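The next block holds one structure in the form of structure tokens; read it before the comments.
The values are calculated or read from the model by the stated rules, or taken from the named source; none is laboratory data. It should be emphasised that the depicted structure is a prediction, and the values quoted were computed from it without experimental measurement. Cβ coordinates were reconstructed from backbone atoms using ideal geometry, including for glycine residues, and neighbour counts include every protein chain displayed. When the accessible area is computed, the model is the full protein with side chains, heavy atoms only, and any ligands, DNA or RNA have been set aside. Shrake-Rupley method; radii C 1.70, N 1.55, O 1.52, S 1.80 Å.
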Amino acid sequence: MSHEQNVLNEAKRFLRREDGGMTVLGLYFFIFMAIFGAFAVDGMNISASQVHLQKAADQAAHAALYNMSSMGGDPANAAIAKQKAIDVVSATLPPARFGTSIEITDVTFGHFDHTTRKFTPDPASTSAVLAKTSFTRGRLNALNTYLLKLIGFDSFDIERWAVYEIYLPGCLREGFIAEGIVDVQSNNNFSNGFCIHSNTHVSLNNNNEFEAGTIVSMEDLDNLDLPSSGFQSNDGLQAALRQGTMNLRILNRIEHMIALYKDPSAVVPGDTPALPDYITDKTLPAKKITGKANKIETADLDPGVVYEATCQGNNALKIDANVTMRNVVIVTDCNISFTNGTAGSSFENVMILTSSIDDKSITSPAGLRIGADDKCTDGNGAVIATMGGISFVSGVEMYGSQFLALKDIIFNSNAIGVGSSLVAGGVIDATSNMEMTLCGNGTGDAVELDYFRMVL
């Protein structure tokens with residue numbers, strides 16, 4: 001017997017007189033209890049249906065935006081992305097049971113204005129999407145009632161919607177981000193807005209300074225590792241703490257970037273970052289570097305070109321002293337060694353990527369400078385990416401540059417970073433006397449992937 005039938009039967013038994021009749025007062029009580037029970041039973045049903053529709057709308061918006069991004073963000077693919085969203089909802093609310101809860105016209109791409117909190121449709125935009133789900137009479141799937149039928153309400157129309165947008169996490173644009181521990185020692189300064197994040201935990205020693213606006217985040221703040229002097233010896237740390245996790249999905253694209261840059265016909269995910277604009281020769285497979293074995297020199301390179309560098313035996317590919325690299329991309333499967341004297345070299349508008357999985361696949365001597373010290377002018381930085389690890393010794397200078405490693409990133413004392421980003425699939429191990437400054441405009445030609453969040 002159903003719940004609503006039990007309610008009615010219990011009410012009848014409670015109100016019935018001993019002689020089997022029903023008083024007028026009893027009839028009023030019966031009607032009142034029937035209506036009350038109707039609101040309780042059908043109210044719960046409506047509430048549950050609203051929750052299901054809202055989850056489906058959330059899933060649809062996220063799926064549409066994610067698939068659009070995965071196909072390169074081209075509005076010409078909007079119909080495909082919308083159908084992917086419908087497929088997701090169909091698994092949650094099967095049409096055989098729930099009817100047509102979402103159609104192509106219920107998924108709309110456009111813009112979201114954070115100031116006005118309004119969504120504006122625009123078929124040429126893929127920065128945001130609105131998805132609507134519904135149970136309505138017009139679609140012949142309105143929500144049927146149980147007891148409210150007694151007072152004339154046979155069904156209800158219900159609609160729910162969600163807006164998602166693409167965004168770029170500030171922490172990924174300028175800061176230290178690691179899947180493992182971020183271990184920072186002593187006497188380091190972090191300027192307003194600089195971000196330190198670990199999906200494991202952050203470990204700090206003494207005498208570090210965090211300006212107002214700096215962020216230090218991890219999944220569980222209870223795991224923050226501090227000396228006994230704690231917050232007293234790390235000025236500004238307590239105000240900088242945030243709790244959260246971050247998906248470092250950009251690291252999963254390093255392998256695909258290497259494949260694509262070697263050969264534009266390579267089959268890779270649609271959201272694999274394209275070559276930077278400063279590369280003008282994008283039609284042919286990467287050119288082989290024809291310089292001396294295991295060494296790259298300025299004379300080997302023409303601007304606007306992608307090069308594939310090889311090395312002999314187990315020797316590392318050496319980037320020689322006083323080399324000038326500008327407007328080039330180099331891909332290789334070798335370990336890379338910046339040699340002594342590269343402190344006087346120039347690496348601006350450059351990408352260097354290696355598929356080496358060595359723990360120290362990229363190494364340098366003291367004083368390496370990557371990017372131009374140009375007071376946060378857009379561009380003139382570099383991207384260094386590896387499927388292994390990075391190990392720099394003291395005095396490395398990073399300007400508007402990005403370092404990506406599937407393993408650890410390690411660098412010693414006296415590092416300088418201005419508008420730079422370090423993202424590690426392992427740990428980030430930094431020692432002392434660092435100066436890390438925010439530019440606020442990202443890292444120029446940094447490699448980025450879309451992230452998605454609900455805004456309405």
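Data for the structure
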| read-out | value |
| --- | --- |
| Rg/Rh (Cα only; Kirkwood hydrodynamic radius) as it applies to region 56-110 | 0.98 |
| Accessible surface, the chain, averaged per residue in Å² (probe 1.4 Å) | 46 Å² |
| Loop-located chymotrypsin sites (Phe, Trp or Tyr not before Pro) in region 375-414 whose Cβ has at most 14 other Cβ within 10 Å (DSSP) | none |
| Spatially proximal aspartates and glutamates relative to K82 (Cα-Cα < 12 Å; intrachain offsets below 8 disregarded) | E103, D106 |
| Over region 312-390, volume per residue of the alpha carbon convex hull, in Å³ | 90 Å³ |
| Simple spin-label estimate for D74 and D122 in nanometres, 7 Å along Cα-Cβ | 2.1 nm |
| Rounded D (µm²/s) - region 313-456, Kirkwood Rh over Cα pairs, Stokes-Einstein at 10 °C, 1.306 mPa s | 104 µm²/s |
| Size-normalised alpha-carbon gyration radius of region 87-131, reference 2.2 N^0.38 Å | 1.44 |
| Of all accessible heavy-atom area on the chain, the percent that carbon and sulfur account for (1.4 Å) | 51 percent |
| Volume per residue of the C-alpha convex hull in region 244-343, rounded to whole Å³ | 146 Å³ |
| Where N is the number of residues in region 378-420, Cα Rg divided by 2.2 N^0.38 Å | 1.15 |
| Helical contribution to [θ] at 222 nm, DSSP H n ≥ 4, -39,500 (n - 2.57), averaged over the chain, rounded to 500 | -7000 deg cm²/dmol |
| Sparse-neighbour loop sites [trypsin sites (Lys or Arg not before Pro); region 351-406; at most 10 other C-beta within 10 Å; DSSP] | K375 |
| Stretch gain in nm, segment D378-D157, where the contour uses 0.36 nm per residue and the Cα spacing is subtracted | 74.4 nm |
| GluC sites (Glu not before Pro) within region 194-287, DSSP loop, no more than 12 other Cβ atoms inside 10 Å | none |
| Volume in Å³ per residue [convex hull over Cα atoms, computed for region 217-283] | 157 Å³ |
| Ellipsoid equivalent to region 120-219 - semi-axes via the Cα gyration tensor, in Å | 52, 19, 11 |
| Cα-based Rg / Dmax (Å) for region 59-197 | 21.4, 75 |
| Entries of K84/K262; K318/K360; K282/K407 with Cα pairs more than 21 Å apart | K84/K262; K282/K407 |
| Dimensionless Rg over Rh [the chain; C-alpha; Kirkwood] | 1.17 |
| Residues of type aspartates and glutamates that K375 reaches as a straight line, Cα spacing below 19 Å, ignoring anything fewer than 8 places off in the same chain | E174, E348, E397, E435, D445 |
| Antiparallel content of DSSP bridges confined to the chain, in %, to 5 | 20 percent |
| Pairs of Cα atoms farther than 14 Å apart, region 370-444, % | 56 percent |
| For region 417-456, projected area of the alpha-carbon convex hull averaged over all directions, nm² | 4.7 nm² |
